[in-house]
Amino acid sequence: MPTEVLMPALSPTMEEGTLTKWLIKEGQEVKSGDVIAEIETDKATMEVEAVDEGRVAKILVPAGTENVKVNTPIALIEGEDEKPAKPAGAEKEAAKPATKEKPAAVKPEQPGDEHKLSYEPASAEPEIAPGTETVNLTMREALRDAMAEEMRRDPDVFLMGEEVAQYQGAYKVSQGLLEEFGDKRVIDTPITEQGFAGVGVGAAFAGLNPIVEFMTWNFAMQAIDQIVNSAAKTHYMSGGLVHVPIVFRGPNGAAARVAAQHSQCYSAWYAHVPGLKVVAPSTSADAKGLLKSAIRDPNPVVFLENELLYGTHGDVPKGDDFLIPIGKARIARAGKDATVVSFARGMVYALEAAERLAKEGIEVEVIDLRTLRPLDLATVLSSVKKTNRIVTVEEAWPVCSVGSEICAQVAMQAFDDLDAPPVKVSGADVPMPYAANLEKLALPSVDQVVAAVKQVMYVA
Amino acid sequence: MASEKSSRSGSGGKRPTGNGQKQPAVAAFTRAERLDAYKQMLLIRRFEEKAGQLYGMGHIGGFCHLYIGQEAVVVGLQMALKPGDQVITAYRDHGHTLAAGMDAKSVMAELTGRRHGCSKGKGGSMHMFSPEKHFYGGHGIVGACVPLGAGLAFANKYRGNDRVCLTYFGDGAANQGQVYEAFNMAELWKLPVVFVIENNKYAMGTSIERSSSTTNLSQRGLSFDIPGEHVDGMDIEAVRAAGVRAIANARAGKGPTILEMMTYRYRGHSMSDPAKYRTREEVQQMRDTHDAIEHVRNLLLKDGVNEADLKAIDRQVRDEVNAAAEFALSDPEPDPSQLTTDVLV
Ligand SMILES: Cc1ncc(C[n+]2csc(CCOP(=O)(O)OP(=O)(O)O)c2C)c(N)n1
Ligand SMILES: [Mg+2]
């Protein structure tokens with residue numbers, strides 16, 4: 001019985017890909033480890049290796065086919081006859097008991113499934129004048145364009161980090177930059193976060209404008225001393241004599257199934273630090289406009305991206321001078337019944353919940369903070385004045401979080417406007433578990449946001 | 001070179017620091033040891049091939065770093081350890097768990113995130129542990145396991161037992177600052193630790209030449225007076241021999257050694273590796289001419305072991321791996337109540 005070769009998942013987030021090329025022909029013998037095909041995913045072109053030996057009986061999916069779903073049979077391999085038959089089907093059989101059990105443990109509408117959703121803000125973005133020409137970009141492309149434009153504009157801007165140059169970025173954010181700007185300005189570093197963050201800060205002391213990429217913010221904990229003690233405090237300690245115009249950027253927050261040490265939101269950590277600006281965009285346009293502002297800013301800016309948003313699309317105004325000011329929140333959806341405040345991927349839950357609540361006649365105002373330091377409390381407070389109710393949404397841990405700060409400020413500054421105690425929706429107060437079902441439980445959900453809004457509105 | 005010299009003379013000749021050259025083997029393997037080594041290495045290889053397959057089918061998520069190609073390093077060094085000695089490593093840890101004697105079923109079930117995985121499904125590929133087998137993980141932050149290994153060795157010295165801790169890390173990790181902080185303390189306090197650098201030539205897509213001002217990593221301890229040895233990590237007998245020497249020194253209170261294991265990973269860094277940083281030929285050439293398992297297989301055939309016996313071992317290993325996979329796919333996910341357990345004791 002021939003073994004099915006299945007379209008493999010080649011990254012934690014891959015669901016489909018293009019089968020670009022076959023490197024084998026029907027009838028050819030292959031052994032374990034031979035490269036048999038090339039597949040293009042959203043991140044990269046990858047090689048597929050044979051996992052068993054035998055003869056290629058049939059190619060089922062021709063080269064050039066796009067959107068081949070993971071686990072689709074793409075070829076058949078006939079094993080040697082002396083081997084006990086070990087068709088891929090056997091694995092599928094074995095998988096059944098477990099997959100059967102999954103629906104019981106997995107609640108519907110869990111956030112793990114939602115990173116595919118893209119949303120359209122209901123209200124016009126105030127920064128973008130009507131009639132402005134736009135281009136549809138992924139957040140990944142928007143960030144790349146922001147860096148490229150600023151590097152063209154100012155020769156003192158350079159990018160450094162692990163795998164940013166030759167590899168084109170671990171998450172492909174710096175794609176093409178090495179080719180355009182050369183290795184003087186797009187610099188691969190060794191795996192030495194504290195060291196290269198320090199080198200970046202030193203270069204900024206001397207007036208250069210470094211963009212330091214952390215492969216993920218998890219690894220920046222190696223460098224947090226340089227970010228806080230050297231970058232954030234030097235302007236103050238020098239009585240304003242020394243400037244530190246640096247951007248630290250990279251993906252923050254939960255990715256998919258990468259467990260405790262690779263899935264953490266650092267929003268509150270950096271928002272706590274005077275001397276830093278902290279930005280966390282949720283759309284392509286915001287990502288581009290804010291990153292450009294961050295690069296031009298004379299202060300150290302911590303720029304928190306989100307891996308699961310890199311592939312989401314959005315309209316971005318054309319032109320090299322599209323800037324979004326740091327420190328200004330955005331009303332992503334107008335409403336009168338309750339205020340929901342969120343940022344980064346929390347916005348996916350917030351907007352989806354607002355959509356669902358609208359169907360029940362509840363008009364939620366959704367505010368995207370975009371900048372976490374300085375916080376745009378004016379926008380939040382004026383919304384609460386109107387709605388008298390507030391819910392915060394974030395993926396981070398709940399204790400001493402950005403949501404905690406928003407709730408505290410609202411309680412302190414708008415107590416008389418409130419008709420209900422504020423409610424926080426957040427990630428669970430645990431390190432991120434690996435198991436698929438537990439990971440879903442550790443993240444917030446649209447259901448939780450809907451329930452929280454109903455709670456502050458005293459409706460069942 | 002100049003700095004090397006001055007550090008040597010400045011050391012007051014405390015210890016010979018090694019010359020980074022391959023040393024002669026202390027004792028050749030018996031036929032039984034070779035058979036055992038063959039079986040263990042094959043188990044790791046087949047296990048990893050299966051893991052790669054399950055990843056491709058979506059049963060394993062997140063990052064999954066396969067150990068294929070490097071098997072001789074963990075198996076050879078494990079053969080040099082005594083029961084009770086500890087092991088710690090980074091995220092490329094499946095081989096280390098199996099070499100430490102952890103059950104393939106519990107390792108595979110951890111990869112699929114199920115309740116009888118060695119970390120109850122909470123840690124996944126990068127975070128496996130077994131205090132019972134003295135295996136302390138499974139760490140995701142590059143370089144972090146190096147001081148941790150020195151700390152395990154510190155505890156051994158503190159308690160006055162004669163255990164040694166094998167502390168593994170990669171060529172890329174060898175540039176992290178905390179590695180050198182750990183080196184200094186380990187030699188200063190003569191901690192019973194052996195630092196094993198698994199030099200597979202690449203850190204993700206960065207070759208060692210592109211990341212390191214000096215590429216002879218065995219000599220990275222020179223300024224701390226830590227001797228180093230360059231070892232052919234594809235030759236399990238050389239691996240064990242170097243391990244025996246270094247571990248004996250550590251156990252005798254003479255402090256750490258750095259073993260630079262020259263090895264190679266055949267697969268990508270993780271499952272999502274575009275592999276544009278090296279040629280297909282380079283990988284093929286290592287597989288064809290340096291494969292550690294083939295090497296032992298040939299020695300066994302020369303020893304007079306026949307093909308049929310080796311086939312029988314192959315089958316045994318495949319059966320064990322298939323059983324592990326079946327277990328890992330049928331074991332249920334953790335109970336939802338597990339979300340909030342184990343945060344604190
Ligand atoms: C502090 C830190 N920085 C970056 C990473 C991302 N990362 C994971 S593995 C890796 C390469 C490490 O290479 P090496 O030490 O040679 O080990 P190998 O993967 O070859 O076993 C990098 C950069 C990380 N996990 N931790
Ligand atoms: Mg390496």
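The values are calculated or read from the model by the stated rules, or taken from the named source; none is laboratory data. All values derive from a computational prediction rather than experimental measurement. When we count neighbours, we look across all protein chains shown, and the Cβ atoms used for this are built from the backbone with ideal geometry, even at glycine. The area values use the complete protein model at the heavy-atom level, side chains included, leaving out ligands, DNA and RNA. Shrake-Rupley method; radii C 1.70, N 1.55, O 1.52, S 1.80 Å.
Partners of A:Lys25 within straight-line reach, counting aspartates and glutamates whose Cα lies under 15 Å from its Cα and excluding those fewer than 8 residues away in the same chain: A:Asp34, A:Glu38, A:Glu49, A:Glu53, A:Glu78. With the simple model of a label 7 Å out from the Cα in the direction of the Cβ, B:Asp36 to A:Cys400 spans 5.1 nm. If a spin label sat at a point 7 angstrom from the Cα of A:Ala129 along the line to its beta carbon, the backbone N atoms of the stretch A:320-357 nearer than 19 Å would be those of A:320-325. Computed from backbone phi with θ = phi - 60° and the Karplus coefficients 6.51, -1.76 and 1.60, the 3J(HN,Hα) list for the stretch A:14-30 is 6, 10, 8, x, 9, 7, 6, 7, 9, 9, 10, 10, 4, x, 7, 7, 10 Hz; x is used for glycine and proline. Compactness ratio for the protein assembly as shown: Cα radius of gyration over 2.2 N^0.38 Å (N = residue count) comes to 0.99.
What does the charge add up to near A:Ala220, with Lys and Arg as +1, Asp and Glu as -1, over the other residues with Cβ less than 13 Å from its Cβ? Write out the running numbers ahead of the final one.
Working: positive: A:Arg249; negative: A:Glu162, A:Glu193, A:Glu213, A:Asp225, A:Glu305.
Combined, the nearby Lys, Arg, Asp and Glu give -4.
I want the antiparallel fraction of DSSP beta bridges within chain A, as a percent rounded to 5. Could the numbers behind the result be given before it?
Details: 33 of 64 bridges.
Counting DSSP beta bridges with both partners in chain A, the antiparallel share is about 50 percent.
Taking the C-alpha atoms only, the angle from helix B:280-290 to the longest principal axis of chain B is near 80 degrees. May I ask you to give the percent of accessible area on the protein assembly as shown that is carbon plus sulfur, with a probe radius of 1.4 Å? In the protein assembly as shown, the share of accessible area belonging to carbon and sulfur is 54 percent. Note on A:Ala451/A:Lys233: beta-carbon distance plugged into 1/(1 + (r/R0)^6) with R0 of 56 Å gives a FRET efficiency of 0.85. Listed by chain and number, the aspartates and glutamates placed with their C-alpha closer than 18 angstrom to that of A:Lys385 are A:Asp337, A:Glu363, A:Glu365, A:Asp368, A:Asp376, A:Glu405, A:Asp416, A:Asp417, A:Asp419; residues fewer than eight positions away on the same chain are left out. Using the Cβ-Cβ distance between A:Arg153 and B:Arg210 with R0 set to 30 Å, the FRET efficiency from 1/(1 + (r/R0)^6) comes to roughly 0.55. Taking Cβ atoms as reference points and 14 Å as the exclusive limit, the residues near A:Gly250 contribute a net charge of -2, counting Lys and Arg as +1 and Asp and Glu as -1.
Computing FRET efficiency as 1/(1 + (r/R0)^6) for B:Thr289 and B:Asp335, where r is the C-beta to C-beta distance and R0 is 51 Å, gives about 0.55. Karplus-based coupling profile of the stretch B:137-144, in residue order and whole Hz: x, x, 10, x, 9, 4, x, 5, with θ = phi - 60° in 6.51 cos²θ - 1.76 cosθ + 1.60 and x standing for Gly or Pro. By the helix-only formula, in which each DSSP H run with n ≥ 4 contributes -39500 (n - 2.57) and the sum is divided by residues, chain A has a 222 nm mean residue ellipticity of -8500 deg cm²/dmol.
For the residues of A:33-41, the average number of beta carbons from a partner chain within 10 Å of their own beta carbon is 2. For chain A, the longest principal axis of the C-alpha atoms and the axis of helix A:402-413 are separated by about 20°. Contact residues in the stretch A:234-260 by the 20 Å² criterion (accessible area, 1.4 Å probe, full protein complex versus chain alone): A:Arg257, A:Val258, A:Ala259. Ligands, DNA and RNA are left out, and with a 1.4 angstrom probe the accessible area of chain A is 39 Å² per residue. May I ask you to list the aspartates and glutamates whose Cα is less than 17 Å away from that of A:Lys233, ignoring any residue fewer than eight positions away on the same chain? Excluding near neighbours in sequence, the set is A:Asp225, A:Asp297. Counting heavy atoms of the protein chains alone, A:Trp397 has an accessible area of about 90 Å² for a 1.4 Å probe.
Using Cβ point charges alone (K and R +1, D and E -1), the dipole size of chain A about the Cα centre works out to roughly 1100 debye. Distance between the C-alpha centres of the stretch B:40-72 and the stretch B:170-189: 29 Å, rounded to the whole angstrom. In chain B, taking the dipole from charged Cβ atoms about the Cα centre, the farthest positive-side position among B:Gln178, B:Ile68, B:Val239 is held by B:Gln178.
Over the C-alpha trace of the stretch A:315-460, radius of gyration and Dmax come out as 15.3, 49 angstrom. Checking the cross-link pairs A:Lys336/A:Lys454; A:Lys424/A:Lys454; B:Lys82/B:Lys122; B:Lys39/B:Lys122; A:Lys277/A:Lys328 against a 18 Å limit on the alpha carbon distance flags B:Lys82/B:Lys122; B:Lys39/B:Lys122 as lying beyond it. On C-alpha positions alone, give me the angle between the axis of helix B:292-302 and the longest principal axis of chain B, in degrees, nearest 10. It is inclined by approximately 90 degrees. The order of the peptides B:106-114, B:138-146 by mean Cβ neighbours within 10 Å, most packed first, is B:106-114, B:138-146. Taking the Cα centre of chain B as origin and assigning +1 to Lys and Arg Cβ atoms and -1 to Asp and Glu Cβ atoms, the resulting dipole is close to 720 debye. Based solely on its DSSP helices, what 222 nm [θ] is calculated for chain B when runs of n ≥ 4 H residues each add -39,500 (n - 2.57) and the sum is averaged over all residues, nearest 500 deg cm²/dmol? Result for chain B, helices only: -14000 deg cm²/dmol. Just report the Cα centroid separation between the stretch A:406-460 and the stretch B:271-286, whole Å. If you average the Cα positions of each part, the centres end up 47 Å apart. Taking the DSSP bridge list for the stretch B:30-327 and keeping only pairs wholly inside it, about 10 percent are antiparallel.
Looking at the protein assembly as shown alone, DSSP beta bridges between its own residues are antiparallel in about 40 percent of cases.
Inter-part distance, the stretch A:329-400 to the stretch A:150-202, computed on C-alpha centroids, equals 35 Å. Taking the charge dipole of the protein assembly as shown about its Cα centre, with +1 at Lys and Arg Cβ atoms and -1 at Asp and Glu Cβ atoms, the residue from B:His230, A:Val68, B:Met262 reaching farthest to the positive side is B:His230. Farthest towards the positive end of the charge dipole of the protein assembly as shown, among the residues A:Leu357, A:Ala408, B:Met128, is the Cα of B:Met128, using unit charges on the Cβ of Lys, Arg, Asp and Glu. When the square roots of the Cα gyration tensor eigenvalues are ordered a ≥ b ≥ c, the ratio a/c for chain A is 1.5 or more and a/b does not exceed b/c, which makes its shape oblate.
If you take all other residues with their beta carbon under 14 Å from the beta carbon of A:Trp22, and give Lys and Arg +1 and Asp and Glu -1, the sum is -3. Computed extension length for A:Glu355-A:Ala57: 102.3 nm, one decimal, from 0.36 nm per residue of separation with the Cα-Cα distance subtracted.
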